[in-house]
Every structure is written in C-alpha cells, then in structure tokens.
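The values are calculated or read from the model by the stated rules, or taken from the named source; none is laboratory data. Keep in mind it's a predicted model, so treat the numbers as computed, not measured. Methodologically, a virtual Cβ is constructed for each residue, glycine included, from the backbone with ideal geometry; neighbour enumeration extends over all protein chains shown. We work out accessible area using only protein heavy atoms, side chains counted, and drop any ligands, DNA or RNA first. Shrake-Rupley method; radii C 1.70, N 1.55, O 1.52, S 1.80 Å.
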Amino acid sequence: MTSLHHLSPRWQFERSGEVSAGITTAISDILERVNSHSVKGTKLAAIRALISIGVFMMTSMDGEIGKCIQNDYTPTELSNAVAKVVHMMDKPLHALEVLQDLKDLDDHFQPYGIDAISGIVGEVEEMEREEGDEEEESD
C-alpha cells in the first residue's frame, strides 16, 4: 500500500474509503478461503491473519485515515469475521490456541469503544471452562 501520510488531512479523509475497501477485500478473501470443512491449520491461519489486520488497523494507521478506519464499519466487519471463524472450529480447544491473540486484539479495540472482540474472548474462555469441566469429569 502506498503511503498516504504526505497528503493533507482533507485528502487523507477523501482517500480513507480506498483504504477501508482494501481492508474489507482482504477480510472477504480470507473468509472465502476458510469454511467449516477446512483443516484446523487453515482456520487458525485465518484467525491469525484477521487479528494481524485488526492490530494494524488500530495501531499503525494515524492521521485522518486512521480516524476514519477506526470509526467506520471496518472494525465491526473484522470482528464478525473473527467470530465466524471461531465458530467454525471443530473443537473448542482449537480456538484456545489463539485466545491470547484475541485478548491482545481486544486490548487494541477497547479504547475505541469496540467491544465485539470482548464477546468473542468471552465465548472462547467459556469453551476453555467447559473443556476443563469435561476433563475433570472423565478423570
């Protein structure tokens, strides 16, 4: 992606739609490549890629472009994609492999009042508790 930092705030604002569209396209491409029949590694790679996009969106974009991206529909779209892939996991244990990454992403989203990732983190933590309860019952 070409740097747009040299542009005036007005031009950054006007170009932010292009940046948002690029992020949306990347999210869509990732979701197209993963489905409920995908292997565990594909699903984990998809979640990690989405998390990387999210962290980049919230930490590396500044100026008017960053403000626009962080306050439009893009973070919600990313959160929905992460939730979709987490729900495709065959076993709850697979989602636990990215729990800390999800918590880190949530830490980046919280300052902007975006709590969708918190809900996903809560779901995965609940999976972890249920998995622990099942292990105790089988012992």
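TYR73 fulfils the conditions (1) closer than 18 Å to ILE30 by Cα; (2) in contact with a helix residue (DSSP H, G or I) (Cβ under 6 Å, 6 or more places away or on another chain); (3) open to solvent by 10 Å² or more (accessible area, probe 1.4 Å) except for a single criterion, (2). Going through (1) crowded, with 16+ Cβ neighbours inside 10 Å; (2) part of a helix (DSSP H, G or I) one by one, SER38 falls short only on (2). Taking the listed residues LEU102, LEU78, LEU50, LEU31, the one that is in contact (Cβ under 8 Å) with a residue 12 or more places away in the chain, assigned to a helix (DSSP H, G or I), open to solvent by 40 Å² or more (accessible area, probe 1.4 Å) and of a type in the set (A, V, I, L, M, F, W, C) is LEU31, with no other qualifying. Only one entry of SER36, SER16 meets the criterion of being farther than 16 Å from ASN80 by Cα and of a type in the set (Gly, Ala, Ser), and that entry is SER16. Only a single item in (1) in a helix (DSSP H, G or I); (2) modelled with pLDDT under 85; (3) of a type outside the set (D, E, K, R) is not met by VAL55, and it is number (2). As a summary of the residue check, MET61 satisfies the conditions (1) closer than 29 Å to LEU7 by Cβ; (2) part of a helix (DSSP H, G or I); (3) touching a helix residue (DSSP H, G or I) at 6+ places or on another chain (Cβ under 8 Å) except for the one numbered (2).
All of (1) basic (Lys, Arg); (2) closer than 21 Å to ALA95 by Cα; (3) open to solvent by 30 Å² or more (accessible area, probe 1.4 Å) hold for LYS43 with one exception: (3).
Yes/no per residue for (1) more than 15 Å from the chain's Cα centre (by Cα); (2) farther than 26 Å from GLY132 by Cα; (3) among the polar types (S, T, N, Q):
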| residue | (1), (2), (3) |
| --- | --- |
| THR42 | yes, no, yes |
| SER52 | no, yes, yes |
| GLY63 | yes, yes, no |
| CYS68 | yes, yes, no |
| THR74 | no, yes, yes |
| ALA83 | no, no, no |
| VAL86 | no, no, no |
| PRO111 | yes, yes, no |
| ALA116 | no, no, no |
